[in-house]
Amino acid sequence: MIRKSIFSILILSAVVFTSCSKYQKLLKSTDNENKYEMAMAYYDDKDYYRAIQLFDQLMPFFRGTERAELMAFYYAKAHYEQKDYILASYYFKQFSKNFPNSKNAEEAAFMSAYCNYLDSPPVSLDQTVTYDAIKDLQLFINRYPGSERVAKANGLIDELRLKLETKAYNIAVLYFKMEDYKAAVINFQNLIKDYPDTKYRETAMFHIAKSYFYYAESSTQRKQGERFQLCTESVDNFLANYPESEFGKEALVIQKNAQKNLQNLTILQ
């Protein structure tokens, strides 16, 4: 049994070695026609690593031919299949730029944006790629408004925008927890301004009122009147928009305390 296992390993090693040896000879070969056929064969066999290496050698040789267009598209797709989304996005974008009349130009334009979507990082990290993905998806929609991919592109944009909304909301909440109430107010207000239909709108409006109250409490007496007044106005605005909110009772308590503080300030003056 052990001998059979060793024999199988030796056979497998020999096959792998022979295969590698043939591939190395192919890389060094000057027979570009054979290389082209093998590159396509490797691609069809999903051996994208070897296909990419051969495409690298062949694309300068076939520049300006019909094969150059096909290889450029497969080159981008091979990187995508290897989950190298940064390079795939770049090469898809280059393809749509260099071959605008190609039957694959639309797919390449979409895939360039889609790769950025796939490369978009978690909410806690920098969202530069997310912004790039949204921009590219919108450019795709503008360029191909009749495409069957438009619905998917819009769906992807919605997903990415939600990620940006969530990041903005988390930052505002973090300021609130850090008791930097001025920054909390600004960030909650910016969230509502930048994303008017955000699912966090109700919570954000409530926290604006709450942040104004704590901000006023920690302010100098000269500034308290203005900030308690902003708190009461924020509560009115919140309840006008969300009269049945679960935060309604707490909001009214905050407003009552703010009004009491305003009365005390009036007496002191």
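The values are calculated or read from the model by the stated rules, or taken from the named source; none is laboratory data. Source: prediction; values computed, not measured. Cβ coordinates were reconstructed from backbone atoms using ideal geometry, including for glycine residues, and neighbour counts include every protein chain displayed.
Considering the range 216-252, and only residues there that are in contact (Cβ under 8 Å) with a residue 12 or more places away in the chain and part of a loop (DSSP other than H, G, I, E, B), the residue that is surrounded by the most Cβ atoms within 10 Å (Cβ to Cβ) turns out to be Phe247.
So which residues in the range 120-146 are aromatic (Phe, Trp, Tyr), surrounded by fewer than 19 Cβ atoms within 10 Å (Cβ to Cβ) and assigned to a helix (DSSP H, G or I)?
Matches in the range 120-146: Tyr131 only.
Quick check on the range 103-146: of everything there that is modelled with pLDDT of 95 or more and small (Gly, Ala, Ser), which residue is nearest to Ala172 (Cα to Cα)? Across the range 103-146, the extreme among qualifying residues is Ser120.
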